[in-house]
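Here is the structure we will look at, set down as structure tokens.
The values are calculated or read from the model by the stated rules, or taken from the named source; none is laboratory data. Note that this is a predicted model, so its numbers are computed, not measured. When we count neighbours, we look across all protein chains shown, and the Cβ atoms used for this are built from the backbone with ideal geometry, even at glycine. Side chains are part of the model used for accessible areas, which takes the heavy atoms of the whole protein and leaves out ligands, DNA and RNA. Shrake-Rupley method; radii C 1.70, N 1.55, O 1.52, S 1.80 Å.
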Amino acid sequence: MKRREFIQGMFAVSAVAMVTTPDRVLAEDKAKKKGANDMSFEDALKAITGGKEVKESKKIKFTAPEIAENGAVVPIKVEVDHPMEEKNYVKAIHILNTANGNARCADVMLTPANGRGYFSTRIKLSKTQDVVAVVALSDGTFIKASSNVKVTIGGCG
Amino acid sequence: MAEKRKSMIKIKPKKYKVGDIVKVDFIVIHPMDTGMKKDKKTGKIKPAHYIDSITFSFDGKPFTKMTVWESVSTNPYFSVNYKVTGKGKITVDYTDNMGEKNSKSKKVKPKG
């Protein structure tokens with residue numbers, strides 16, 4: 001084999017490698033996503049609000065730890081400072097994460113019988129991310145509050 | 001096969017009157033598998049197994065409905081408020097994605 005042919009061959013191989021590498025990376029990314037009901041944060045938010053505007057609000061008191069050592073158990077608490085009357089009440093509290101495979105954690109449908117807009121649970125977080133509470137009010141508006149949680153050990157794998 | 005799960009309802013504070021807003025805590029022993037973890041003994045991936053719907057009701061009238069996904073921790077804990085209206089029974093019905101149905105109830109006894 002001549003030197004020129006050899007060098008040309010080298011270029012060809014490297015070009016093929018460059019073209020194929022991104023595909024392989026993409027495939028690996030897809031392999032990571034294997035949950036049956038995976039949904040991105042944007043899609044989940046759209047499904048809840050129907051494309052309506054969601055405002056940041058100080059009415060919501062959202063409590064989450066700043067640093068969670070164990071991502072498998074992250075306690076969160078949502079309190080909404082809103083009246084709970086027959087026609088003016090907190091309709092629903094949605095807990096969403098931004099980096100897990102499935103962005104939805106819990107949807108809680110409340111009624112005036114609850115007396116107060118309050119919900120507390122424990123969730124799993126795969127890595128450091130924002131946790132968002134979207135609150136639907138009975139007049140059709142949506143408000144939200146979010147908190148960043150630093151996760152030392154992920155809790156999803 | 002529906003297995004009987006251990007669960008618990010707590011009403012806080014313990015002493016309450018009609019008209020008070022109390023906290024209703026519900027805890028259930030459930031694996032909440034995400035479908036991504038491997039079983040350490042067999043090396044196979046465990047199928048997803050999680051609670052997907054919970055209904056809190058008072059004397060048969062539902063007051064809170066929840067839809068839950070696998071992102072909720074193992075042995076989940078849920079807490080909501082409830083305004084006491086009188087004597088009765090709080091019932092929590094829950095089902096998981098494998099079709100297992102269970103329920104737990106607790107009496108409401110306001111004092112004074």
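Yes/no matrix, rows are residues, columns are (1) within 11 Å of another protein chain (Cβ to nearest Cβ); (2) open to solvent by 40 Å² or more (accessible area, probe 1.4 Å); (3) at pLDDT 90 or above:
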position	(1), (2), (3)
A:R3	no, yes, no
A:T20	no, yes, no
A:K33	yes, yes, no
A:G51	no, yes, no
A:N88	no, yes, yes
A:A92	yes, no, yes
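Checking B:P13 against (1) within 22 Å of the chain's Cα centre (by Cα); (2) within 13 Å of another protein chain (Cβ to nearest Cβ); (3) under 19 Å from A:R116 (Cα atoms), which test does it fail?
Result: B:P13 passes all but (2).
Answer yes if at least one residue in the range A:141-155 is facing chain B (nearest Cβ under 9 Å) and not aromatic (F, W, Y), and no otherwise.
Within the range A:141-155, one or more residues are facing chain B (nearest Cβ under 9 Å) and not aromatic (F, W, Y).
Do you know which residues across the range B:1-18 are open to solvent by less than 100 Å² (accessible area, probe 1.4 Å) and modelled with pLDDT of 90 or more?
B:S7, B:M8, B:I9, B:K10, B:I11, B:P13, B:Y16, B:V18
Does A:L96 count as open to solvent by 10 Å² or more (accessible area, probe 1.4 Å), under 18 Å from the mean Cα position of the chain (by Cα) and either within 21 Å of A:V151 (Cα to Cα) or modelled with pLDDT of 90 or more (or both)? Spell out how you get there, then give the answer.
Details: open to solvent by 10 Å² or more (accessible area, probe 1.4 Å): no; under 18 Å from the mean Cα position of the chain (by Cα): yes; either within 21 Å of A:V151 (Cα to Cα) or modelled with pLDDT of 90 or more (or both): yes.
Here the answer is no, as A:L96 does not meet what is asked.
In the range A:53-80, how many residues are part of a strand (DSSP E or B) and small (G, A, S)?
Total satisfying the criteria: 1.
Which condition breaks for A:F62 when tested against (1) out of contact with any Pro (no Cβ under 9 Å at 6 or more places or on another chain); (2) within 11 Å of chain B (Cβ to nearest Cβ); (3) at pLDDT 90 or above?
Against the list (1) out of contact with any Pro (no Cβ under 9 Å at 6 or more places or on another chain); (2) within 11 Å of chain B (Cβ to nearest Cβ); (3) at pLDDT 90 or above, A:F62 comes up short only on (2).
Within the set of pairs 6 or more residues apart or between chains, which connect a residue that is touching a residue at least 12 places away in the same chain (Cβ under 8 Å) inside the range A:40-68 to a residue that is in a strand (DSSP E or B) and open to solvent by 90 Å² or more (accessible area, probe 1.4 Å) with Cβ atoms less than 9 Å apart?
Going by the 9 Å Cβ cut-off, the qualifying pairs are A:P65/A:K150; A:E66/A:K150; A:I67/A:K150; A:I67/A:T152; A:A68/A:K150; A:A68/A:T152; A:A68/A:I153.
Got a sec? Which of A:R116, A:R122, A:R104 is under 25 Å from B:I90 (Cβ atoms), open to solvent by 30 Å² or more (accessible area, probe 1.4 Å), within 11 Å of chain B (Cβ to nearest Cβ) and touching a residue at least 40 places away in the same chain (Cβ under 8 Å)?
Values: A:R116 fails: touching a residue at least 40 places away in the same chain (Cβ under 8 Å); A:R104 fails: under 25 Å from B:I90 (Cβ atoms).
Sole residue among the options that is under 25 Å from B:I90 (Cβ atoms), open to solvent by 30 Å² or more (accessible area, probe 1.4 Å), within 11 Å of chain B (Cβ to nearest Cβ) and touching a residue at least 40 places away in the same chain (Cβ under 8 Å): A:R122.
Go through the range B:18-73 and give me each residue that's among the basic types (K, R) and more than 24 Å from B:K87 (Cβ to Cβ).
Hits for the range B:18-73 are B:K37, B:K38, B:K40, B:K41, B:K44, B:K46.
Residue-wise test of (1) in contact with a Cys (Cβ under 9 Å, 6 or more places away or on another chain); (2) facing chain A (nearest Cβ under 7 Å); (3) surrounded by fewer than 16 Cβ atoms within 10 Å (Cβ to Cβ).
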{"site": "B:Y50", "(1), (2), (3)": "no, no, no"}
{"site": "B:T64", "(1), (2), (3)": "no, yes, no"}
{"site": "B:K83", "(1), (2), (3)": "no, yes, no"}
{"site": "B:K89", "(1), (2), (3)": "no, no, yes"}
{"site": "B:T95", "(1), (2), (3)": "no, no, yes"}
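Checking the structure you have, find out if any residue of the range B:28-36 is at pLDDT 90 or above, polar (S, T, N, Q) and closer than 23 Å to A:R104 by Cβ.
no
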